[in-house]
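Student: Please see the structure below; I have some questions.
The values are calculated or read from the model by the stated rules, or taken from the named source; none is laboratory data. Bear in mind that the values here come from a model prediction, so they are computed numbers and not experimental data. Counting neighbours? That spans all protein chains shown, and the Cβs are built from the backbone with ideal geometry, glycine included. Side chains are part of the model used for accessible areas, which takes the heavy atoms of the whole protein and leaves out ligands, DNA and RNA. Shrake-Rupley method; radii C 1.70, N 1.55, O 1.52, S 1.80 Å.
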Amino acid sequence: MAPSIRSWRLWSLALMLATVVGEYGSAMGGGSYGYAPSSRGFQPSPWSLAHATFYGDETASETMGGACGYGNLFLNGYGTATAALSSTLFNDGYACGTCYQIKCVQSPWCFSGSPFTTVTATNLCPPNWSQDSNNGGWCNPPRTHFDMSKPAFMKIAQWKAGIVPVMYRRVPCIKPGGLRFQFQGNGYWLLVYVMNVGGGGDIASMWVKGSKTDWISMSHNWGASYQAFSSLGGQSLSFKLTSYTTRETIIAYNVAPANWNVGLTYQATVNFH
Ligand SMILES: *[C@@H]1O[C@H](CO)[C@@H](O)[C@H](O)[C@H]1NC(C)=O
């Protein structure tokens with residue numbers, strides 16, 4: 001892993017200590033389900049061939065604080081069912097939150113019956129050009145590769161295999177409860193990490209609306225974070241999001257109360273399906 005990923009991990013530890021989940025998403029009542037009338041559910045993709053390895057140990061502590069910015073994966077609902085994607089799949093962070101079924105194939109290390117496991121993308125597996133793409137540089141483009149948590153890998157193959165061929169397909173993310181918004185930044189800059197995203201699991205664009213403002217377009221920062229350079233303190237905040245995969249738009253009204261603060265996580269009542 002690159003040094004920058006290590007510093008994200010330390011940073012996420014600080015976030016973890018400050019995390020509180022609020023429940024403010026239902027304040028607007030029945031009108032708050034902003035589904036587009038032509039909403040299409042996300043259908044699984046065809047199965048494709050890739051390879052899988054694992055990183056970290058059985059505690060999955062190595063997987064915390066990955067390149068999507070989800071911080072502590074246990075506190076934020078992802079648990080150990082996660083994988084780091086090679087940059088070919090990672091799509092500059094737009095693949096953060098996408099979900100995959102993965103099964104081991106064509107290897108004596110595969111568990112019999114080809115059981116599949118479902119993982120959420122929470123991290124980048126960076127290229128390492130000092131290693132051959134077919135001997136250690138498994139995440140070098142154009143390879144499609146899953147570097148899974150060890151507990152996730154152990155659901156499909158014996159860990160001693162190290163690397164196995166897999167079949168994978170994108171599937172809808174089944175996430176209990178509403179979207180989660182973790183706030184960072186300051187009085188003039190709001191940086192929001194969007195977590196627990198159902199359906200396609202990914203975000204194409206996002207807007208924020210303070211109780212005294214119109215909708216403000218947010219720009220993609222890194223991983224699964226979006227930012228607005230606006231003074232939004234003292235206002236309750238609503239969010240509008242469009243799914244990258246399905247283009248469905250959803251509105252989460254009054255997710256954060258007027259006294260919102262950075263370091264906190266606010267949960268909506270709505271989610272993609
Ligand atoms: C890349 O591979 C080399 C050779 O195996 C290794 O020494 C180095 O630590 C790797 N770099 C990263 C960032 O993992």
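Student: Rounding to the nearest 10 and keeping the result within 0 to 90°, find how far the Cα-based axis of helix 3-18 lies from the longest principal axis of the chain.
Tutor: 50 degrees
Student: How large is log10 of I(q)/I(0) for the chain at q = 0.12, 0.13, 0.14 Å⁻¹ when the intensity is taken from the Debye formula with one equal scatterer per alpha-carbon?
Tutor: Taken in order of the listed q values, log10 I(q)/I(0) reads -0.71, -0.82, -0.94.
Student: So, with a 1.4 angstrom probe, what is the percent of accessible area on the stretch 180-267 that is carbon and sulfur?
Tutor: 50 percent
Student: Tell me, rounded to the nearest percent, the portion of alpha carbon pairs in the stretch 180-267 spaced more than 20 Å apart.
Tutor: 23 percent
Student: Now for a separate question. Return the unpartnered cysteines for the chain, using a Cβ-Cβ cut-off of under 4.7 Å.
Tutor: Lone cysteines by the Cβ rule: none at all.
Student: I need the phi-derived Karplus couplings for the stretch 60-68: 6.51 cos²θ - 1.76 cosθ + 1.60, θ = phi - 60°, integer Hz, Gly and Pro marked x.
Tutor: 6, 5, 5, 8, 6, x, x, 6, 8
Student: Separate question: For the stretch 164-232 and the stretch 234-273, what is the separation of their C-alpha centers, rounded to whole Å?
Tutor: Value for the Cα centre distance between the two parts: 8 Å.
Student: I've got another one for you. Past 29 Å, Cα to Cα: identify those pairs from K103/K240; K175/K240; K155/K240; K175/K212, in the order given.
Tutor: Among K103/K240; K175/K240; K155/K240; K175/K212, the Cα-Cα distance tops 29 Å for K103/K240; K155/K240; K175/K212.
Student: Pull up all non-local amide H partners of A256: gap of 5 or more, or a different chain, and H-to-H distance under 5 Å with H placed in the peptide plane.
Tutor: Here L237 satisfy the definition.
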